[in-house]
1. Between residue 125 and residue 100, how high is the FRET efficiency from 1/(1 + (r/R0)^6) when r is the Cβ-Cβ distance and R₀ = 22 Å? Nearest 0.05.
2. Please list, by residue number, everything in the stretch 103-117 whose backbone N is under 18 Å from a paramagnetic label point 7 Å out along Cα→Cβ of residue 85.
3. By how many nm would the segment from residue 48 to residue 93 grow when fully extended, if each residue of separation counts as 0.36 nm and the alpha-carbon distance is taken off?
4. What do the square roots of 5 times the Cα gyration tensor eigenvalues come to for the stretch 26-85, in whole Å, largest first, as semi-axes of the equivalent ellipsoid?
5. Could you line up 40, 144, 54 from fewest to most neighbouring Cβ atoms inside 10 Å?
6. Could you please rank 168, 142, placing first whichever residue has the fewest other Cβ atoms within 10 Å of its Cβ?
7. Dividing the convex hull volume of the alpha carbon atoms of the stretch 23-173 by its residue count, what do you get in Å³ per residue?
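Computed from the coordinates by the stated procedures, all read-outs in this text should not be read as laboratory data. Since the model is a prediction, treat every value here as computed from it, not as a measurement. We place every Cβ from the backbone using ideal geometry, glycine too, and count neighbours over all the protein chains shown.
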């Protein structure tokens, strides 16, 4: 129900915006609007800030990931050894070792989940910082180059209005 109301609101808002533009005086319509477009996915993928953040995250989480991989390899070796030795073990010993392997597996899964959660949180922090910085740069470009409108992530835009490279260059030149 709320989704329908929200869609209706968006439709009314879009209609109102187009009506306002259409109702502008003829002289104002004669002035050409300066419009730009920024591809935020490209900024997050190709900018120097994004590459730097990616390197920082890899450095920060690399040792932990290696430790998890080592733990997984040790678990696999223990599991393989158990499978090989199981027929010759007493029932009590077999149950004990099976329980140990199960506990190690649960521990590994828990550590992997924690690692993934920490990694995702850290990535989200870096993405938020890049997006905030991108927003500042876009506002600076809008003011300095007198853009009337800068759109972010539209369905289709021609190369004439794509200012993504300009935004990335400005981000590289400022901190």
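1. My answer for the efficiency is 0.05.
2. Once the point is set 7 Å along Cα→Cβ of residue 85, 103-105 turn out to lie under 18 Å by backbone N, inside the stretch 103-117.
3. So the extension gain works out to 10.5 nm.
4. 56, 14, 5
5. Least crowded to most crowded, the residues run 144, 54, 40.
6. The fewest-first ordering by Cβ neighbours comes to 142, 168.
7. 162
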